[in-house]
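Dropping the structure in here first, questions after.
The values are calculated or read from the model by the stated rules, or taken from the named source; none is laboratory data. The shown structure was predicted, so the numbers you read here are calculated from the model rather than taken from an experiment. Backbone-built Cβ (ideal geometry, glycine too); neighbour counts: all protein chains shown.
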Ligand SMILES: [Ca+2]
Ligand SMILES: [Ca+2]
Ligand SMILES: [Ca+2]
Ligand SMILES: [Ca+2]
């Protein structure tokens with residue numbers, strides 16, 4: 001082949017490859033930085049103007065934009081998107097749950113790109129509205145991409161954690177210059193930590209009942225920057241947003257905020273929800289997994305606090321349990337989720353699913369905002385079949401093994417002795433050891449001889465890039481299937497019966513063909529789920545003999561439950577009456593009957 005021809009062909013080919021590879025194709029094999037995410041949202045809005053609207057609900061403490069993407073197909077004749085029954089999808093309020101942000105992005109992508117090809121998605125977006133907030137704690141999430149990485153849950157609202165009149169004066173320091181903030185362990189007779197006899201990489205508290213005595217103190221990697229005797233006691237940032245909501249709020253705990261919704265992000269979110277009474281369901285991504293654990297886990301965070309309240313005073317506490325009437329539905333969805341997980345061959349260790357946290361966003365959404373709420377954590381470190389700790393011993397430095405001397409001898413590390421035992425094994429086999437920093441000696445200016453090491457930040461919350469796509473795709477599909485289950489109000493039947501003296505009996509049957517009831521029992525209890533209001537519109541020469549012109553139906557259960565309303569009306573034969581039923585979370589239905 002002519003050399004020039006070959007060269008130009010080669011150039012042409014590589015150029016066209018470049019052209020085809022770049023546009024549009026979204027991949028989910030990395031975590032998107034907040035600024036990339038914002039650019040993505042903007043590009044989606046310009047690419048799909050008929051389907052999207054970008055809503056800015058304000059800025060975080062760190063002056064990052066808080067975006068919500070509204071997705072709804074605007075069609076002639078269908079109601080305006082903000083007044084259709086809606087679903088709110090929230091992600092990454094915790095800041096460390098980056099995989100939640102990716103799941104929200106994939107959900108958006110699926111809805112937008114499948115609108116033209118998938119009938120169910122088209123129907124969903126023509127009937128309903130989906131609001132997606134992919135990153136609700138940008139200040140904290142930013143830290144994953146920082147030069148020095150540490151797990152951060154707090155926004156940038158600086159607070160004085162240790163009340164020394166200095167703000168953010170003592171944060172973490174990357175002493176061994178590996179770009180990660182891990183731990184320091186220091187031999188100290190007053191310490192109450194030991195390294196696990198069979199797995200010296202892992203630290204746990206010594207159990208005096210078993211004759212163990214602590215030999216280590218543990219600190220987060222850093223210096224005593226202000227020389228006040230404590231280490232890293234006041235790092236940058238302040239409030240954990242997913243503890244800053246009103247339900248079961250932890251007063252007097254600084255990380256939870258000074259009062260419920262004290263933070264820019266949380267108040268913006270609550271205001272947005274309040275302005276949208278059409279939101280009927282919240283689907284959330286956080287470390288809380290309500291499909292596998294419905295408990296109010298915040299409850300057990302501090303058992304001592306629980307014991308202080310006398311039983312007769314308990315009723316003053318916030319509601320802590322899913323309402324009995326809401327339970328069967330939750331159970332049904334849980335079962336569907338588990339079956340779907342199994343079908344997708346996604347192995348999730350159920351026993352590690354976290355329940356709902358105190359002051360968390362989803363606790364607020366269910367108990368006070370009063371809607372259906374589901375949350376998934378998307379991923380957990382897989383627990384392989386009892387990998388023996390002995391197998392992984394080869395990467396334990398000999399020096400650490402020496403430290404086992406003087407401690408009770410154990411054959412192998414058992415799960416009940418150290419529930420985290422599977423993590424180093426997984427890190428070793430899947431991450432090729434990158435999940436754990438081997439304990440290495442370091443000369444600390446004030447603590448003296450220490451060792452720096454431990455789990456790398458984000459290990460437990462953040463799947464490795466190769467594992468992102470499978471789980472987020474599964475969950476995006478599952479969430480879309482839940483959106484399709486929303487209640488749907490229909491008029492099933494109307495009957496008119498002529499009585500004597502120009503009186504007519506009008507009966508209308510309303511039904512709900514969706515797979516969720518029209519309101520939650522908790523929402524009715526909290527007074528936040530409005531009933532279905534039925535209006536009877538009569539003409540001047542008609543009058544109501546019995547029944548009321550406006551009726552309220554508190555709830556119609558799922559799967560075709562029926563509620564009947566009856567009126568007796570005086571009017572002339574052949575005249576018409578219009579009956580309309582509506583609720584912000586259901587939209588409206590109308591029928592006209594003829595008196596005859
Ligand atoms: Ca201090
Ligand atoms: Ca301080
Ligand atoms: Ca380090
Ligand atoms: Ca200090």
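Among the residues of segment 148-156, are any in a strand (DSSP E or B) and more than 16 Å from ligand 4 (Cβ to nearest atom)? Spell out how you get there, then give the answer.
Within segment 148-156, the subset in a strand (DSSP E or B) is 149, 154.
Keeping just the survivors that are more than 16 Å from ligand 4 (Cβ to nearest atom) gives 149, 154.
The answer is yes, given that some residue of segment 148-156 is in a strand (DSSP E or B) and more than 16 Å from ligand 4 (Cβ to nearest atom).
Taking residue 253 as the residue in question, decide whether it is over 22 Å from residue 444 (Cβ atoms), surrounded by fewer than 19 Cβ atoms within 10 Å (Cβ to Cβ), modelled with pLDDT of 90 or more and away from ligand 4 (no atom under 16 Å from the Cβ). Before the answer, list the steps.
Details: over 22 Å from residue 444 (Cβ atoms): yes; surrounded by fewer than 19 Cβ atoms within 10 Å (Cβ to Cβ): yes; modelled with pLDDT of 90 or more: yes; away from ligand 4 (no atom under 16 Å from the Cβ): yes.
Criteria met by residue 253.
Residue-by-condition table, conditions (1) away from ligand 1 (no atom under 16 Å from the Cβ); (2) within 28 Å of the chain's Cα centre (by Cα); (3) modelled with pLDDT of 95 or more; (4) farther than 18 Å from residue 68 by Cβ:
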site	(1), (2), (3), (4)
97	yes, yes, yes, no
103	yes, yes, yes, no
108	yes, yes, yes, no
128	yes, yes, yes, no
134	yes, yes, yes, no
163	no, no, no, yes
177	yes, no, yes, yes
181	yes, yes, yes, yes
190	yes, no, no, yes
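If you scan segment 109-127, which residues turn out to be touching a residue at least 60 places away in the same chain (Cβ under 8 Å) and assigned to a loop (DSSP other than H, G, I, E, B)?
115
Take residues that are without any contact (Cβ under 8 Å) to a residue 24 or more places away in the chain and touching a strand residue (DSSP E or B) at 6+ places or on another chain (Cβ under 8 Å) and tell me which of the strands (runs of 3 or more DSSP E) falling wholly in segment 178-250 contain 1 or more.
On the way: elements: 183-187, 193-196, 199-205, 216-220.
Counting at least 1 such residues, we get 199-205.
Mind checking whether some residue in segment 136-145 is farther than 21 Å from residue 63 by Cβ and assigned to a loop (DSSP other than H, G, I, E, B)?
Initially, segment 136-145 is screened for residues farther than 21 Å from residue 63 by Cβ, giving none.
Among the residues of segment 136-145, not one is farther than 21 Å from residue 63 by Cβ and assigned to a loop (DSSP other than H, G, I, E, B), which makes the answer no.
Shifting gears a bit: Collect the residues in segment 178-195 that are away from ligand 3 (no atom under 16 Å from the Cβ) and within 18 Å of residue 424 (Cβ to Cβ), keeping them in residue-number order. It would help to see each step written out before you state the result.
Kept after step one, since they are away from ligand 3 (no atom under 16 Å from the Cβ), are these residues of segment 178-195: 187-195.
Answer for segment 178-195, where residues must be away from ligand 3 (no atom under 16 Å from the Cβ) and within 18 Å of residue 424 (Cβ to Cβ): 193, 194, 195.
Within segment 346-364, work out how many residues are within 13 Å of the chain's Cα centre (by Cα) and not in a loop (DSSP other than H, G, I, E, B).
Counting residues in segment 346-364 that are within 13 Å of the chain's Cα centre (by Cα) and not in a loop (DSSP other than H, G, I, E, B) gives 5.
A further question on this structure: Which of (1) out of contact with any strand residue (DSSP E or B) (no Cβ under 9 Å at 6 or more places or on another chain); (2) more than 27 Å from residue 475 (Cα to Cα); (3) away from ligand 4 (no atom under 16 Å from the Cβ) is the odd one out, the single condition residue 118 does not satisfy?
Evaluating residue 118 over (1) out of contact with any strand residue (DSSP E or B) (no Cβ under 9 Å at 6 or more places or on another chain); (2) more than 27 Å from residue 475 (Cα to Cα); (3) away from ligand 4 (no atom under 16 Å from the Cβ) leaves (2) as the failure.
Pull up segment 520-553, narrow it to residues that are in contact (Cβ under 8 Å) with a residue 60 or more places away in the chain and under 16 Å from residue 582 (Cα atoms), then point me to the one that is farthest from the chain's Cα centre (by Cα).
Applying the filter and picking the extreme gives 530.
Consider residue 198 carefully, then state whether it is surrounded by 20 or more Cβ atoms within 10 Å (Cβ to Cβ) and away from ligand 3 (no atom under 13 Å from the Cβ).
Values: surrounded by 20 or more Cβ atoms within 10 Å (Cβ to Cβ): yes; away from ligand 3 (no atom under 13 Å from the Cβ): yes.
It is true that residue 198 is surrounded by 20 or more Cβ atoms within 10 Å (Cβ to Cβ) and away from ligand 3 (no atom under 13 Å from the Cβ).
If you don't mind, another one. Mind telling me which of the residues 156, 146, 141 ends up being within 30 Å of residue 104 (Cα to Cα), at pLDDT 90 or above and within 16 Å of ligand 2 (Cβ to nearest atom)? Write out each step before concluding.
Values: 146 fails: within 16 Å of ligand 2 (Cβ to nearest atom); 141 fails: within 16 Å of ligand 2 (Cβ to nearest atom).
After applying the criteria, what remains is 156.
Output the number of the condition that residue 58 fails; it satisfies all remaining conditions of (1) surrounded by 18 or more Cβ atoms within 10 Å (Cβ to Cβ); (2) in contact with a helix residue (DSSP H, G or I) (Cβ under 6 Å, 6 or more places away or on another chain); (3) part of a strand (DSSP E or B).
For residue 58, the failing item is (1).
Within segment 61-75, restricting attention to residues that are within 19 Å of residue 112 (Cα to Cα) and surrounded by fewer than 18 Cβ atoms within 10 Å (Cβ to Cβ), which residue is modelled with the lowest pLDDT? Break it down stepwise before answering.
Keep residues of segment 61-75 that are within 19 Å of residue 112 (Cα to Cα), which gives 67-75.
Within this subset, residues satisfying the condition of being surrounded by fewer than 18 Cβ atoms within 10 Å (Cβ to Cβ) are 74-75.
Values: 74: 89, 75: 84.
Looking at the filtered set, the residue picked out is 75.
Yes or no, residue by residue, for (1) more than 14 Å from ligand 4 (Cβ to nearest atom); (2) touching a helix residue (DSSP H, G or I) at 6+ places or on another chain (Cβ under 9 Å):
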| residue | (1), (2) |
| --- | --- |
| 177 | yes, no |
| 193 | yes, no |
| 201 | yes, yes |
| 210 | yes, no |
| 220 | no, no |
| 223 | no, no |
| 226 | no, no |
| 230 | no, no |
| 238 | yes, yes |
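I've got another one for you. Any idea which residue in segment 135-177 is surrounded by the fewest Cβ atoms within 10 Å (Cβ to Cβ), counting only those that are without any contact (Cβ under 8 Å) to a residue 24 or more places away in the chain and within 16 Å of ligand 3 (Cβ to nearest atom)? Let's see the steps before the verdict.
Step one: list which residues in segment 135-177 are without any contact (Cβ under 8 Å) to a residue 24 or more places away in the chain, which gives 146, 163, 165, 177.
Now restrict to residues that are within 16 Å of ligand 3 (Cβ to nearest atom): 146, 177.
On the way: 146: 10, 177: 8.
Among them, the one singled out is 177.
Has segment 81-103 got at least one residue that is assigned by TED's automatic domain parsing to the domain that holds residue 373 and without any contact (Cβ under 8 Å) to a residue 12 or more places away in the chain? So that I can check it myself, show each step before the final result.
If we filter segment 81-103 for residues that are assigned by TED's automatic domain parsing to the domain that holds residue 373, which is where we start, we get 81-103.
If we keep only those that are without any contact (Cβ under 8 Å) to a residue 12 or more places away in the chain as well, we get none.
Scanning segment 81-103 turns up no residue that is assigned by TED's automatic domain parsing to the domain that holds residue 373 and without any contact (Cβ under 8 Å) to a residue 12 or more places away in the chain.
One line per residue, one yes/no per condition, for (1) in the same structural domain as residue 66 (by TED's automatic domain parsing); (2) assigned to a loop (DSSP other than H, G, I, E, B); (3) at pLDDT 95 or above; (4) away from ligand 1 (no atom under 16 Å from the Cβ):
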residue	(1), (2), (3), (4)
268	yes, no, yes, yes
272	yes, no, yes, yes
277	yes, yes, yes, yes
281	yes, no, yes, yes
295	yes, yes, no, yes
299	yes, no, no, yes
312	yes, no, no, yes
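Under the condition of being in a strand (DSSP E or B) and touching a residue at least 60 places away in the same chain (Cβ under 8 Å), which residue from segment 37-55 is surrounded by the fewest Cβ atoms within 10 Å (Cβ to Cβ)? Can you show your working first?
Of all residues in segment 37-55, those in a strand (DSSP E or B) come to 52-55.
Filter once more, so that each one left must be touching a residue at least 60 places away in the same chain (Cβ under 8 Å): 52, 55.
Working: 52: 23, 55: 14.
So the residue we want is 55.
With the structure loaded, tell me whether residue 237 is within 16 Å of ligand 2 (Cβ to nearest atom) and within 35 Å of the chain's Cα centre (by Cα) or whether it fails that test.
yes
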